[in-house]
Amino acid sequence: MSSPLMPKATAVWLLDNTSLTFDQVAEFCELHPLEVKAIADGEVNIGMVGLNPIVQGQLSKEEIARCEKDPTARLALVKYNLPEVARRSKGPRYTPVTKRGDKPDAIAWIIKTHPEVSDAQIVRLIGTTKSTIAKIRDRAHWNMQNIKPRDPVLLGLCKQTDLDAAIAKARKKLPKEKQEELAKADAAPTADLGQADQPSDAGFEQLMKTAG
């Protein structure tokens with residue numbers, strides 16, 4: 001077992017009963033730090049009963065005390081001499097029900113920001129289907145008017161390292177001239193994230209139709 005049972009309920013208990021940092025709780029419970037902050041602020045999971053990881057045998061009081069003294073330390077689950085259940089190495093990743101509605105926004109963000117990333121890569125990153133991606137590219141998705149491109153990492157749908165690896169792999173397949181062009185664009189300073197580097201609606205629509 002590498003993660004606690006009922007991670008959100010465990011996070012609630014740790015926030016209510018310890019002085020651990022958001023980052024420590026987030027990493028132990030495998031949640032995004034922003035999600036942990038939202039739980040602490042009472043913006044999500046209101047009324048959820050916390051799950052005591054000490055009673056569940058997942059953490060010791062000494063381990064919690066150790067990490068409370070050192071904000072850079074990370075909690076470690078209690079280890080038992082039991083065979084570990086093999087994890088699935090392939091297949092679509094599981095996404096919590098509360099985050100599934102964010103997938104179209106994440107797909108739109110990747111299509112808009114990194115059109116070089118293939119549909120197959122998006123499927124693996126977000127845990128979606130090629131059919132859904134195609135509908136968003138063609139602006140034929142049933143909820144298209146409400147879809148807003150948002151970073152999948154900030155949404156907690158994938159890790160930054162996985163996204164960076166997918167982008168790097170996709171760019172290796174591009175012509176050398178295109179690779180150099182994208183490298184220059186990455187190195188260029190961004191003057192105004194709100195307006196200067198944002199394509200128009202028409203440009204976004206054309207980009208999605210021609211990408212890939």
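This table checks each residue for (1) part of a helix (DSSP H, G or I); (2) at pLDDT 85 or above; (3) of a type in the set (Lys, Arg); (4) assigned by TED's automatic domain parsing to the domain that holds ARG137.
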residue	(1), (2), (3), (4)
SER2	no, no, no, no
ASP16	yes, yes, no, no
LEU20	no, yes, no, no
GLU27	yes, yes, no, no
VAL49	no, yes, no, no
ALA65	yes, yes, no, no
LYS90	no, no, yes, no
- Message: Need the failing condition index for LEU154 against (1) of a type in the set (A, V, I, L, M, F, W, C); (2) within 14 Å of the chain's Cα centre (by Cα); (3) over 19 Å from LEU34 (Cα atoms), just the number.
- Response: (3)
- Residue selected from the stretch 150-166 under the condition surrounded by 18 or more Cβ atoms within 10 Å (Cβ to Cβ) and touching an Asp or Glu at 6+ places or on another chain (Cβ under 7 Å), by the criterion nearest to ALA26 (Cα to Cα): GLY156
- Kindly indicate the residue of the stretch 92-125 that is among the β-branched types (Val, Ile, Thr) and modelled with pLDDT of 90 or more and also farthest from VAL44 (Cα to Cα) among those meeting that condition. VAL117
- Query: Can you tell me which residues in the stretch 125-143 are surrounded by fewer than 17 Cβ atoms within 10 Å (Cβ to Cβ) and either closer than 24 Å to ASP162 by Cα or out of contact with any Pro (no Cβ under 8 Å at 6 or more places or on another chain) (or both)?
  - Reply: THR129, LYS130, SER131, ALA134, ASP138, ARG139, ALA140, TRP142
- Item | All positions within the stretch 167-183 that are surrounded by 11 or more Cβ atoms within 10 Å (Cβ to Cβ) and in a loop (DSSP other than H, G, I, E, B) | LEU174
- Item | Residue that is surrounded by the most Cβ atoms within 10 Å (Cβ to Cβ) [pool: residues in the stretch 29-45 that are part of a helix (DSSP H, G or I) and within 17 Å of the chain's Cα centre (by Cα)] | VAL36
- With the checklist (1) free of Cβ contacts under 8 Å to residues at least 40 places away in the same chain; (2) assigned to a helix (DSSP H, G or I) in hand, flag the one item TRP142 doesn't pass. (2)
- Task: Pairs only if they're at least six apart or on different chains, beta carbon under 6 angstrom, first in the stretch 7-25 and more than 11 Å from ASN45 (Cβ to Cβ), second among the β-branched types (Val, Ile, Thr) and surrounded by 23 or more Cβ atoms within 10 Å (Cβ to Cβ); list them, first residue then second.
- Result: LEU14/VAL25; PHE22/VAL36; VAL25/VAL36
- Message: Among the residues of the stretch 57-79, what is the count of those that are in contact with a helix residue (DSSP H, G or I) (Cβ under 8 Å, 6 or more places away or on another chain) and of a type outside the set (A, V, I, L, M, F, W, C)?
- Response: 3
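The values are calculated or read from the model by the stated rules, or taken from the named source; none is laboratory data. Owing to the predicted nature of the structure, the values given are computational and were not obtained by experimental measurement. Positions of Cβ are generated from backbone atoms using ideal geometry, with glycine treated the same way; all protein chains shown enter the neighbour counts.
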